[in-house]
Amino acid sequence: MKVINKLALIDGRNLYYAFKAGAGKIIDHQTEINKLNVFPVSDHDTGTNLASTIRSILENWLPDRSYKISVNAMAEAAMYGARGNSGIIFAQFLYGVSAETTNTGKISIAEFAQSLKSSIKYMYEAMSNPVEGTMLSVIRDWADYIYENRHATDFKQLLIESLETAKKSLENTKNQLQVLATNNVVDAGGKGFVLFVEGIIELLKTNNVRSLSNYSASAIQLDELHEHDDEVITHRYCTEALIKNCHADKTHIANILNQFGNSIVVAGSDKLRRIHVHTNTPAELFQKLKNVGTLSFQKAEDMVRQHDAAYNRKWNIALLTDSTCDLTDELIDKYQIQMLPIGIQFGESMYLDNITLKSETFFEMFGKETKNPSTTQINQKAFENVYSHLASHYDAIIAVHISDQLSGTCGNSAKAAQKISAEFNKPITVINSKSLSGMLGLVLVDIAKNIEFGLPYEKIIELAQQRIQKSRIYVSVKTLKYMVRGGRVSPLKGFIAKLLNLKPIISVDENGKAINYDKTFSQRANLKKIMSHVKEFSKNGEIEEYIITHAANPKGVAFIKTKLVELTGKEPLLVTNISPAIGINAGLGAVSVSVTLK
């Protein structure tokens, strides 16, 4: 193909538009990439991770006319936003290109080719165990072709001709990695990179910059792949961290990660390190890493649930919530509920609610602290990531969250849902539960049962809203000192309550706002008062289910459970600890009762 308007030099603007074109191709085809993902674990999220990495780069990259300034900004944005094994490898590749680029406003083909060639070592050095037949091989073969033809006179023609090499390298991954040959698929990360190059070439051929923002993430249907239902995932959590101002070298960090799992990547520089590892014990890992620098970001995704979403879906509607739902792992697994954790800042350390910090450990730590920990809402980006993955495998998604009067989590989920729903053209409904803890759990279980029963999507949404109206939560707070420490109650009110020995009962109103529902002068009286409120509420209908949660108060649980069994003639759906995110404000000794009517 003959190309007119030769391009011998490129600047920062050319780089930005080329990257955006490649990015759009990955975002549009993330479902296809997900379906190919069988290595290193068949959790089918490579497309989601690459798309998330790409989005983050575009959202945080401030391009410049200067090529050097722009490529540096691109690499830094990539390191901050990298996600998953493939995303971090891609980010490390971009970091290498940046590091190997001289300070220049425009770059020639020869200089560009040299930077690509030199960047390959950065990827391989970041991997604890580099494996051929992966994204590494495809990027290396493509970069070698560019370098071998570095004396070309036109960027456009060179890039167009390089695609054939990238495609051959991708096809060859089947011959390099046995698991790919067994499943008759190419490497998912390598496919993502080839699509990236294809996107750039399409821009070069059309020169239509205005079309670059029109991403659709169309759900491409592929032939069914070899089933992996019998695969044993030995390390459950895909765990990542971003370490700023790292004062331990790359080898030391890699040695630490090797103690905890596999699939290890250590990318970036001492200024900004990005790590990736598959492990069963993310909490212990983060404790080990907290002394090597500032842990500004953590992630621990459950690959077992991701695998189930790809291969063992019970239904075609996905159900998502946050960690304040206070359901047991058994119920969450039974109904395949996806759960994102609230963040908890405890002293200098950051934790993930009920993942890297369990309730038992939290309350033990909590009782010794004089300064309250704090929570951080789940951000929009985290929701975009999980929605992208779920939309790749499900026909529709329902999310139910803690009241929007108590956290911005529900609002962030709604924004992400709107964005990803448009990309995938699939329905995503976000429901404000107007509650938390056990009441949120009851609403979730009811929705899960309706999904299991096979009700239509819209009917499930309608019944969920009715279920919220039929449910109540009552929380017996043993002391207000934790609410005072957390800023929920003024010191003056806390002092008066302590002076009078007042024990409040907290509930939520019809809008989901926390209210002081009642009060007594002892917790035993509080629990009796809660029983009277439950009896009054049950006049509106028979109690169908109830949940008891508590913050290290088994005696209070025993008392209230006996009374509720007498009233209802049935055992609770579950008795469990309050999640750390809720316990921060409810405080030690709290007991809550959540009920729902038929």
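Observations
- The range 424-442: number of residues that are within 11 Å of residue 402 (Cα to Cα) and in a helix (DSSP H, G or I): 5
- Residue in the range 478-501 that is farther than 18 Å from residue 405 by Cβ, modelled with pLDDT under 95 and in contact with a Phe, Trp or Tyr (Cβ under 6 Å, 6 or more places away or on another chain) present: yes
A quick yes/no check of all residues on (1) hydrophobic (A, V, I, L, M, F, W, C); (2) within 21 Å of residue 244 (Cα to Cα); (3) surrounded by 24 or more Cβ atoms within 10 Å (Cβ to Cβ):
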residue: 11; (1), (2), (3): no, no, no
residue: 25; (1), (2), (3): no, no, no
residue: 34; (1), (2), (3): no, no, yes
residue: 61; (1), (2), (3): yes, yes, no
residue: 80; (1), (2), (3): no, yes, no
residue: 85; (1), (2), (3): no, yes, yes
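- Inter-residue pairs, beta-carbon under 7 Å, first on the phi > 0 side of the Ramachandran plot and in the range 311-338, second surrounded by 15 or more Cβ atoms within 10 Å (Cβ to Cβ) and assigned to a strand (DSSP E or B), 6+ apart: 326/549; 326/576
- Test: residue in the range 358-379 that is of a type in the set (Val, Ile, Thr) and modelled with pLDDT under 80: yes
- Number of the exception - residue 403 against (1) farther than 12 Å from residue 322 by Cα; (2) part of a loop (DSSP other than H, G, I, E, B): (1)
- Condition check for residue 285: modelled with pLDDT of 85 or more, of a type in the set (A, V, I, L, M, F, W, C) and under 21 Å from residue 341 (Cβ atoms): yes
- Test: residue in the range 47-56 that is among the hydroxyl-bearing types (Ser, Thr, Tyr), in contact (Cβ under 8 Å) with a residue 40 or more places away in the chain and buried (at least 23 other Cβ atoms within 10 Å of the Cβ): yes
- Pairs, first in the same structural domain as residue 329 (by TED's automatic domain parsing) and among the basic types (Lys, Arg) in the range 439-463, second modelled with pLDDT of 95 or more and in a helix (DSSP H, G or I), C-beta under 9 Å, six or more apart: 459/450
- Of all residues making up the range 287-320, the number that are among the aliphatic types (A, V, I, L, M) and either over 20 Å from the mean Cα position of the chain (by Cα) or assigned to a strand (DSSP E or B) (or both): 8
- Scanning the range 284-294 for residues that are surrounded by 18 or more Cβ atoms within 10 Å (Cβ to Cβ) and either under 16 Å from residue 352 (Cα atoms) or touching a residue at least 60 places away in the same chain (Cβ under 8 Å) (or both) yields 285, 286, 289.
- Between 139, 69, the distinction of being in a helix (DSSP H, G or I), farther than 28 Å from residue 251 by Cα and of a type in the set (Val, Ile, Thr) belongs to 69 only.
- Of 327, 331, all but one fail to be more than 20 Å from residue 232 (Cα to Cα), assigned by TED's automatic domain parsing to the domain that holds residue 441 and crowded, with 20+ Cβ neighbours inside 10 Å; the exception is 327.
Every residue, every condition in (1) buried (at least 16 other Cβ atoms within 10 Å of the Cβ); (2) more than 20 Å from residue 436 (Cα to Cα); (3) of a type outside the set (Asp, Glu), yes or no:
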{"residue": "310", "(1), (2), (3)": "yes, yes, yes"}
{"residue": "340", "(1), (2), (3)": "yes, no, yes"}
{"residue": "368", "(1), (2), (3)": "no, yes, yes"}
{"residue": "377", "(1), (2), (3)": "yes, no, yes"}
{"residue": "390", "(1), (2), (3)": "yes, yes, yes"}
{"residue": "400", "(1), (2), (3)": "yes, no, yes"}
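- Test: residue in the range 100-115 that is buried (at least 21 other Cβ atoms within 10 Å of the Cβ) and within 30 Å of residue 233 (Cβ to Cβ): no
- Tally, over the range 443-459, of residues that are within 24 Å of residue 392 (Cβ to Cβ) and either more than 24 Å from the chain's Cα centre (by Cα) or assigned to a strand (DSSP E or B) (or both): 7
- Test for residue 195: is it within 21 Å of residue 90 (Cβ to Cβ), modelled with pLDDT under 85, of a type outside the set (Lys, Arg) and in contact with a helix residue (DSSP H, G or I) (Cβ under 8 Å, 6 or more places away or on another chain): no
- Filter result for residue 153 (closer than 24 Å to residue 109 by Cα and not in a helix (DSSP H, G or I)): yes
- Verdict on residue 159 being among the aliphatic types (A, V, I, L, M), in contact (Cβ under 8 Å) with a residue 40 or more places away in the chain, within 30 Å of residue 252 (Cα to Cα) and part of a helix (DSSP H, G or I): no
- Scanning the range 1-41 for residues that are among the polar types (S, T, N, Q) and either part of a helix (DSSP H, G or I) or modelled with pLDDT under 85 (or both) yields 5, 14, 30, 31, 34.
- Per this entry, residue 351 is counted among residues that are buried (at least 23 other Cβ atoms within 10 Å of the Cβ) and either modelled with pLDDT of 85 or more or over 28 Å from residue 471 (Cβ atoms) (or both).
- Hey, residue 75 of a type outside the set (Val, Ile, Thr), buried (at least 22 other Cβ atoms within 10 Å of the Cβ), without any contact (Cβ under 8 Å) to a residue 40 or more places away in the chain and within 17 Å of residue 139 (Cα to Cα) or not: yes
The values are calculated or read from the model by the stated rules, or taken from the named source; none is laboratory data. If you're wondering where the values come from, they're calculated on a predicted model, not measured in any experiment. When we count neighbours, we look across all protein chains shown, and the Cβ atoms used for this are built from the backbone with ideal geometry, even at glycine.
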